Amino acid sequence: MTSPYHLPAGKAAAGPYAVHVTPESAGWGHCALRVLELPPGGSHTFDTGDSEWIVLPLSGGCTVAAVDDFGHDAFQLTGRADVFTGVSDFAYVPRDARTTVSSTGGGRFALTGARCTRRLPARYGPASAVPVELRGTGSCSRQVNNFAAAGVFDCDRLIAVEVITPGGNWSSFPPHKHDEHRPGEESVLEEIYYFEFTGHGTTPGLGYQRVSPSGPGRHTDVLAEVRGGDVVLIPDGWHGPSMAVPGHHMYYLNVMAGPDAERAWLIRDHPDHAWIRGTWPEQPVDPRLPLYTAPERS
């Protein structure tokens, strides 16, 4: 079953970006994702426009420099070998700034963005300050790197986290949604999933992603085999499970933003599957987790 909400690797590429999802291309109002690939010694400059951005190394390190009417800021990001080997540091750059990402050794860098109204200062996010959470137990065990979760790192609209699901496990389960404004109970958030996998020898990894309609007038319906570099757009609907096939760990980067005045991740579980949370205290967390923890604060 094909879906306009599943973008296989390369389908959303544009210019220097292996992934270039804008609010306009997604057909919504707020969140964006770019994946920038730089060769050794390469650099790329972009204008942040009406959006705030976080530059997050997926592999390699880089320098992030932002210039605007308030001055000049530059941050050296150590980065990491890949998303399965460690937490990364990152840089926040505000709206209305000209930003340059440059890398001596080359690499791939996620630019997670959201339209915003407030201009916050440019900042460095150390890897040591990223909360690494273990969520669920048993076959629902997964690791969440909450680098830009609400309440962890200050943004105007942007929420972004990384999730690692060991091979054979399900994450984003029970299926949940955040497409209605219900104060204190549910937020309205658009969401982007960007996937990577561990391989086995020369065999690349893969997984599966499900999104189903959440009610009248909501038509997001995805049942997709996802591979490294794929993107799934979730304007609404019950999303989950995200299934990692045995032998291949699954990584996804979640980018979220929405119109609500409060920047919060408030979800509603699918009523048919919410009971599964009650079984978690009876099971141990998958012993393969965490794959890694945040480095010690210096």
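The values are calculated or read from the model by the stated rules, or taken from the named source; none is laboratory data. The shown structure was predicted, so the numbers you read here are calculated from the model rather than taken from an experiment. Using ideal geometry, Cβ is built from the backbone for each residue, glycine included, and neighbour counts are taken over all protein chains shown.
What the table below lists for this structure:
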{"read-out": "Selected residue (only one of 49, 10, 27, 41 is surrounded by fewer than 16 Cβ atoms within 10 Å (Cβ to Cβ) and farther than 30 Å from residue 218 by Cβ)", "value": "41"}
{"read-out": "Where residue 82 falls short, out of the listed (1) within 23 Å of residue 209 (Cα to Cα); (2) in a strand (DSSP E or B); (3) among the acidic types (Asp, Glu)", "value": "(2)"}
{"read-out": "Selection status of residue 80, crowded, with 20+ Cβ neighbours inside 10 Å, touching a residue at least 60 places away in the same chain (Cβ under 8 Å) and of a type in the set (D, E, K, R)", "value": "no"}
{"read-out": "Segment 95-117, subset of a type in the set (Ser, Thr, Tyr) and not in a strand (DSSP E or B), residue nearest to the chain's Cα centre (by Cα)", "value": "117"}
{"read-out": "Count of segment 163-174 residues which are farther than 10 Å from residue 242 by Cβ and either buried (at least 23 other Cβ atoms within 10 Å of the Cβ) or aromatic (Phe, Trp, Tyr) (or both)", "value": "1"}
{"read-out": "Neighbours by Cβ (under 9 Å, 6+ apart or cross-chain): first from segment 146-171, free of Cβ contacts under 8 Å to residues at least 24 places away in the same chain; second among the β-branched types (Val, Ile, Thr) and surrounded by 21 or more Cβ atoms within 10 Å (Cβ to Cβ)", "value": "146/130; 146/161; 152/130; 152/161"}
{"read-out": "Residue match in segment 33-44 (condition: within 18 Å of residue 229 (Cα to Cα), at pLDDT 95 or above, in a loop (DSSP other than H, G, I, E, B) and within 16 Å of the chain's Cα centre (by Cα))", "value": "no"}
{"read-out": "Those residues of segment 60-94 which are more than 21 Å from residue 157 (Cα to Cα) and within 15 Å of the chain's Cα centre (by Cα), in sequence order", "value": "82, 83, 84, 87, 88"}
{"read-out": "Number of the condition not met by residue 68 [criteria: (1) out of contact with any Gly (no Cβ under 8 Å at 6 or more places or on another chain); (2) modelled with pLDDT of 95 or more]", "value": "(2)"}
{"read-out": "Of the criteria (1) at pLDDT below 95; (2) closer than 24 Å to residue 223 by Cβ; (3) loosely packed, with under 15 Cβ neighbours inside 10 Å, which one residue 3 fails", "value": "(3)"}
{"read-out": "Out of 130, 188, sole residue that is β-branched (Val, Ile, Thr) and either at pLDDT below 95 or more than 24 Å from residue 229 (Cβ to Cβ) (or both)", "value": "188"}
{"read-out": "Boolean, residue 287 is without any contact (Cβ under 8 Å) to a residue 24 or more places away in the chain, part of a loop (DSSP other than H, G, I, E, B) and within 21 Å of residue 169 (Cα to Cα)", "value": "yes"}
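Residue-by-condition table, conditions (1) buried (at least 16 other Cβ atoms within 10 Å of the Cβ); (2) without any contact (Cβ under 8 Å) to a residue 12 or more places away in the chain; (3) over 21 Å from residue 228 (Cβ atoms):
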{"residue": "253", "(1), (2), (3)": "yes, no, no"}
{"residue": "263", "(1), (2), (3)": "yes, no, yes"}
{"residue": "270", "(1), (2), (3)": "yes, no, yes"}
{"residue": "274", "(1), (2), (3)": "no, no, yes"}
{"residue": "283", "(1), (2), (3)": "no, no, yes"}
{"residue": "291", "(1), (2), (3)": "yes, no, no"}
{"residue": "298", "(1), (2), (3)": "no, no, yes"}
